[in-house]
Amino acid sequence: MTLVINKITAHIGARVSGVDVSEALDAETVNQLRQALNQHKALVFDAPELDSAGQERFAANFGDLTTAHPTVPGQNRANVLEVDAENGKANEWHTDVTFVVNPPAISTLRSIVIPSYGGETLIASSAAAYRSLPEQLRRWADSLWAIHTNIYDYVKVRSDKEEQYRTVFQSTQYETRHPVVRVHPETGEKGLFIGSFVKQIEGLSKTESKDVLRLFQAYVTKPEHILRWSWQPGQLLVFDNRITQHYAIDNYDDQPRKLSRVTVAGDIPVSVNGERSEALLGDASHYSPLESANAA
Ligand SMILES: [Fe+2]
């Protein structure tokens, strides 16, 4: 079979066919997929045969796996996070797990139960966002650092189940200092590295911080920078968590929506000046060992 890669939009997203992701892949195919991911940031596969074990095996082609989550245990398998609307809806722009010092490099999402309407996932290229900044703003962003945390300062829970999930999610407090502009470790591309886990920009007041984040975030969420993926069950979406943000649209009423997530361990982000992120609070070594992440 020959790998076929078709772009979905100019800045982000490609559909991949000609490969069965539920089978073991050879090194050449993995290399081609890695290159495609570097270029397109998000890849979509039809994967009707894929199960949790297969999703883990597929993701492991790209590096060591993280466990399900720093605080939320995997329900059935240690490396699989159940993404279930019953536990809450991720309708906030974010990059996965940026509150730890080495957030996942790659996230994979497999669709299991999809509502009859809505439930799309948006994925934005933070590289396209960075490139579209006016030069003065780009230079300013290059110099900024932000504090990311898993502790939300707002409460927006709809049910007891959601409340319980939130309690587990926040059971250990994490805080990490990341550059607002991150250099991609494989491509050297620069991207805005912010999203909803950001608590504050260093050196600014809370109010200033909010306004500045809103300004930068507007470039991330520009429609031209976004892939809007409308799911069918049995698909696999793979995105580069180092240079994207995503958002699960809450537009499907109370219908069930279930996906499973497996993530590949990432390195410690590096700023445009070569300075690395630092953990301020919380130990995430059980989630994503630093030694393996640095080698990946
Ligand atoms: Fe997410």
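What follows is calculated from the coordinates using simple rules that are stated; it is not laboratory data. Nothing here was measured: the structure is a model prediction, and the numbers come from that model. Cβ coordinates were reconstructed from backbone atoms using ideal geometry, including for glycine residues, and neighbour counts include every protein chain displayed.
When you count, for each residue, the other Cβ atoms within 10 Å and take the mean per peptide, how do 219-227, 243-251, 24-32 rank with the highest first?
Per-residue Cβ counts within 10 Å, averaged per peptide and sorted highest first, yield 243-251, 219-227, 24-32.
Once you sort the root eigenvalues of the Cα gyration tensor of the range 164-240 as a ≥ b ≥ c, which label holds: rounded (a/c under 1.5), prolate (a/b larger than b/c) or oblate (the other case)?
oblate
Would you work out if the chain is rounded, prolate or oblate? Take a ≥ b ≥ c from the square roots of the eigenvalues of the alpha-carbon gyration tensor; rounded if a/c is under 1.5, else prolate when a/b is larger than b/c, oblate otherwise.
Rounded, since a/c falls under 1.5.
Taking the Cα centre of the chain as the origin and placing charges on Cβ (Lys, Arg +1; Asp, Glu -1), which of 147, 209, 244 is farthest toward the positive end of the dipole?
The listed residue farthest towards the positive side: 209.
Cα gyration tensor of the range 192-291, axes a ≥ b ≥ c as square roots of the eigenvalues: rounded (a/c below 1.5), prolate (a/b > b/c) or oblate?
Oblate.
Of 161/258; 89/190; 7/258; 156/222; 199/222; 89/156, which ones are farther than 18 Å apart at the Cα?
Distance filter (> 18 Å) returns 89/190; 7/258; 156/222; 199/222.
What is the range 4-295's relative contact order, in percent, from Cα pairs under 8 angstrom and six or more apart in sequence?
34
How much length would be gained if the chain were fully extended between residue 131 and residue 157, taking 0.36 nm per residue of separation minus their Cα-Cα distance, in nm to one decimal?
5.7 nm
Given R₀ = 25 Å, what would the calculated FRET efficiency be for residue 10 paired with residue 93, taking r from the Cβ atoms and rounding to 0.05?
So the FRET efficiency works out to roughly 0.80.
Sorting check: for 36-49, 69-82, which peptide has the highest mean count of neighbouring beta carbons within 10 Å, and how do the rest follow?
Highest-to-lowest ranking by the protection proxy: 36-49, 69-82.
Measuring from label point to label point, each 7 Å out along Cα→Cβ, what is the residue 186 to residue 230 span in nm?
In this crude label model, residue 186 to residue 230 measures out at 3.0 nm.
Which one, 261, 182, 214, has the greatest fluctuation when you compute a Gaussian network model over the chain with C-alpha springs under 10 angstrom?
214
Taking every DSSP beta bridge that has both residues in the chain, what percent is antiparallel when rounded to the nearest 5?
Looking only at bridges with both residues in the chain, the antiparallel portion is about 95 percent.
Taking only C-alpha pairs under 8 Å that are 6+ residues apart, what is the relative contact order of the range 210-296 in percent?
About 24 percent, as a whole number.
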